[in-house]
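Each remark here refers to the structure printed beneath this line.
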Amino acid sequence: MTPEDAARAALIRTRCHPARIAEIVAEVAEATGWEPQEITGARVFPGLVQARDLACFIARREGFSLTQIGNVLRRDHSSIRSALQREQRRRGGTS
């Protein structure tokens with residue numbers, strides 16, 4: 001393995017670690033005024049749902065699977081898919 005390969009492997013390991021999703025949730029929480037525990041919790045206030053959808057969207061864009069995102073946000077993969085679709089509609093896309 002070359003040094004470049006090792007560096008790439010370390011980057012993949014870091015980017016795909018579930019702790020990175022928690023960092024994304026914390027960043028979204030700070031930007032939106034919600035607590036990270038609220039974003040991963042069960043409450044469904046409209047603004048909170050939008051913050052949760054945004055966290056899902058960013059995590060997916062970073063390359064995480066629906067299951068990985070769902071594990072951190074305590075939701076199943078189909079709920080994550082729905083969140084991604086809602087956020088895509090908010091951004092003016094279809095799907």
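The values are calculated or read from the model by the stated rules, or taken from the named source; none is laboratory data. None of these values were measured; they are calculated from a predicted model. Cβ coordinates were reconstructed from backbone atoms using ideal geometry, including for glycine residues, and neighbour counts include every protein chain displayed. All accessible areas refer to the heavy atoms of the entire protein, side chains included, with ligands and DNA or RNA removed. Shrake-Rupley method; radii C 1.70, N 1.55, O 1.52, S 1.80 Å.
Some values worked out for this structure:
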| read-out | value |
| --- | --- |
| Estimated vicinal HN-Hα couplings, Hz - region 81-88 in sequence order (Karplus 6.51, -1.76, 1.60; Gly, Pro = x) | 4, 4, 4, 5, 5, 4, 5, 4 |
| Answer label for Rg and Dmax of the Cα atoms in Å (calculated), chosen among [x] 14.4, 50; [y] 16.8, 67; [z] 12.5, 36 | [x] |
| Net charge dipole size for the chain [Lys, Arg +1 and Asp, Glu -1 on Cβ; Debye, nearest 20] | 380 debye |
| Cα long-axis angle, helix 46-61 against the chain (0 to 90 degrees, to the nearest 10) | 20 degrees |
| Unit charges at the beta carbon, dipole of the chain: most positive-side option, 31, 41, 77 | 77 |
| Solvent-accessible area per residue for the chain (1.4 angstrom probe, square angstrom) | 62 Å² |
| Heavy-atom accessible surface of the chain: percent carbon and sulfur, 1.4 Å | 54 percent |
| Cα centroid separation - region 70-84 against region 25-62, whole Å | 12 Å |
